[in-house]
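Trainee: Please read through the structure below; I'll follow up with questions.
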Amino acid sequence: MTQPRDTRPDAAPDEALDVPLSELRPALEALLMVADQPLDTTSLAAAVGYPTTEVAEALGGLADEYDEQRRGFELRSVAGGWRFYTREAHAHVVERFLIDGQQARLTQAALETLAVVAYSQPVSRARVSAVRGVNVDGVMRTLLARGLVEEAGQDPTSGAHLYRTSTYFLERIGIESLDELPELAPYLPEMADLDDDVLGGAPPPPSTGPTPDETLPEQ
């Protein structure tokens, strides 16, 4: 029987972690159960003391096992790691459980702003405002606070701060990379087609009032 390897730098060469091979899958399940973000194969392998190849194989086996048994949850590979998710077929049960007001949600305005950032990134606030036709300062602050959007340097020409979606954004919508986003970008106006005055010097439209706090549930 192959024994797991001890990855501790001070361990003796012939010392192995006391985790039998038969316990690899339960050990992975225990770690994934308490994870608040996707865990990559390397981190999981270091935690359980097994080679990454064996851990990757075990994760795939667990995912297949849950699918075959039609469990109410599934093990998904998203944003470069692995995490448990509620199975989509039972979404209506979860939705009924999460009554209105139990969790803060994103408004339609925030979702539209997030979509513009996702398909046009890296992008400045002024450009997002130009696309939406309204001031987005308040909404952008909310998206930054929620960790869905992050700063991505400065525009070399205007010096404006640029923004992009975060790894947490990928995790929340359940995809590995931005390449998996639906083909919606052709429906957004090209930045070059927007008025130079709007993009370059003119300020974004004034805010008409406080932005209501927002249909992504917070965790």
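The values are calculated or read from the model by the stated rules, or taken from the named source; none is laboratory data. Model, not experiment: these values are computed from the prediction. Glycine also receives a Cβ, built like all others from the backbone with ideal geometry; neighbour counts cover every protein chain displayed.
Trainee: If you scan the range 24-59, which residues turn out to be closer than 20 Å to ARG172 by Cα and aliphatic (A, V, I, L, M)? Steps first, answer last, please.
Mentor: Residues of the range 24-59 that are closer than 20 Å to ARG172 by Cα, as a first pass: 31-41.
Once the filter is applied, which keeps residues that are closer than 20 Å to ARG172 by Cα and aliphatic (A, V, I, L, M), the range 24-59 yields LEU31, LEU32, MET33, VAL34, ALA35, LEU39.
Trainee: Tally the residues that are out of contact with any Leu (no Cβ under 9 Å at 6 or more places or on another chain) and either surrounded by fewer than 19 Cβ atoms within 10 Å (Cβ to Cβ) or at pLDDT below 90 (or both), restricting the search to the range 105-128.
Mentor: 4
Trainee: Which one of these is farther than 30 Å from ASP179 by Cβ, at pLDDT 85 or above and not basic (Lys, Arg): PRO51, PRO26?
Mentor: PRO26
Trainee: Another question, then. Among the numbered conditions (1) within 21 Å of the chain's Cα centre (by Cα); (2) surrounded by 15 or more Cβ atoms within 10 Å (Cβ to Cβ); (3) assigned to a helix (DSSP H, G or I), tell me where TRP82 comes up short.
Mentor: Failing condition for TRP82: (3).
Trainee: Same structure again: Would it be correct to say that ALA79 is within 17 Å of ILE173 (Cα to Cα), touching a helix residue (DSSP H, G or I) at 6+ places or on another chain (Cβ under 8 Å) and not assigned by TED's automatic domain parsing to the domain that holds SER158?
Mentor: So ALA79 passes the test.
Trainee: Let me ask something else about it. List the number of the failed condition for VAL116; all other conditions in (1) in contact with a Lys or Arg (Cβ under 7 Å, 6 or more places away or on another chain); (2) more than 24 Å from PRO182 (Cβ to Cβ) hold.
Mentor: Every condition holds for VAL116 apart from (2).
Trainee: Could you list, in sequence order, the residues of the range 19-68 that are touching a Leu at 6+ places or on another chain (Cβ under 7 Å) and in a loop (DSSP other than H, G, I, E, B)?
Mentor: Within the range 19-68, GLY49, TYR50 qualify.
Trainee: Identify, please: which residue in the range 154-187 is surrounded by 13 or more Cβ atoms within 10 Å (Cβ to Cβ) and part of a loop (DSSP other than H, G, I, E, B) and is, among those, modelled with the highest pLDDT?
Mentor: Applying the filter and picking the extreme gives SER166.
Trainee: Name, by its number, the condition in (1) buried (at least 20 other Cβ atoms within 10 Å of the Cβ); (2) among the aromatic types (Phe, Trp, Tyr); (3) not assigned by TED's automatic domain parsing to the domain that holds ALA35 that does not hold for PHE97.
Mentor: (1)
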